[in-house]
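Values quoted throughout were computed directly from the atomic coordinates according to the rules given, and no laboratory measurement underlies them. What you see is a predicted model; the values in this text were computed from it and never measured. Positions of Cβ are generated from backbone atoms using ideal geometry, with glycine treated the same way; all protein chains shown enter the neighbour counts.
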């Protein structure tokens, strides 16, 4: 290490010079061990924990994973910029383990250690995979080599180049949010916010304020004005998960945004003009909801300009071994851990009512039960029993 590198830049003399926020425990340790050689480091596994540590310890630099389990990354950046203006935020690609240092900061001595860390990651990275293996990742963040996945990838790659609204349909757990993220990552908006709104998770009384924002005093408890979630997606994409659960009262305002790009905050006459691509997903039959009077017909047609149906896992069984391998690799860096042929056969015979999410949970449990053994056998694979059919007229016990 040179004399220049032995001197910690003055801008890092704070109680906690660097705060690392990522749910990836291995990456937290690797990055933390590297940076503690030259400065003080705090670590957090969630966005909420990161905010708490900023309030109590402070930090000059926050290394922030793009994918946090509790908070939207872009919204968290906004909070940090407002409440901790002296703190710089550097994004972390949690999948590749690379810190994404802005071009304008790369010559800054305070960031030299992060550049060195990236070089270490790149040098230790495995060689490029052969074409046959690369074909199993047809879309960013997704795994699969089946014909169904190839058709899905072709549709996504076509629509990603446009700002057309997309409606993704499919069963629970099939990966609709991953499809939405892939559309965003392959689009010209990739470097801009991707905001997820789970329509089923917001109390009905707060939906309008959450989506479109509100002014101070617009309702009981509105102690300050705030912009809505759609506004946070300015320039990027906004993903409405479980769109079928959006209350009728809010559907007309969403339709106006789709038609005119205008958003009006609750309690205000002011209108914001925004540019955000809308991607929606549902696991219910929206046309049936329209017939039942629960969903606006005009909104349905506006959302489904480009429909994409995500097939359930049972209809792309050839992807199951690839997905299982992918989930194992996320749990351990030990390449020797794998499924026995009997365990793989047991997975292939299952119908997967919970789709990819169920497979991920099954693999994680099997990995834990295997307890460090290199082979995961069928005895470690615990599957849900198929539900018995309900016959008309049968009595409940």
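The distance between label points at residue 248 and residue 375 comes to 6.1 nm (points 7 Å beyond Cα on the Cα→Cβ vector). Protection proxy ranking, highest mean first, for peptides 227-235, 350-358: 227-235, 350-358, where packing is the per-residue count of other beta-carbon atoms within 10 Å, averaged. Computed packing ranks the peptides 253-261, 332-340, 61-69 as 61-69, 253-261, 332-340, most packed first, by mean other Cβ atoms within 10 Å. How many angstrom lie between the Cα centre of the range 265-329 and the Cα centre of the range 137-212? Here the two parts' Cα centres lie 7 Å apart.
Using the average count of surrounding beta-carbon atoms within 10 Å as a protection proxy, the listed peptides 237-243, 37-43 rank, highest first, as 237-243, 37-43.
Rounded to the nearest 0.05, the FRET efficiency derived from the C-beta distance between residue 270 and residue 305 at R0 = 41 Å is 0.90. Taking a ≥ b ≥ c as the square roots of the Cα gyration tensor eigenvalues, the range 314-380 comes out prolate, since a/c reaches at least 1.5 and a/b is larger than b/c. Classify the range 133-309 from the C-alpha gyration tensor, please: rounded if a/c falls under 1.5, else prolate or oblate depending on whether a/b exceeds b/c. Cα axes put the range 133-309 in the prolate bin. Inter-label distance, residue 226 to residue 198: 1.7 nm, where each label sits 7 Å from its Cα along the C-beta direction.
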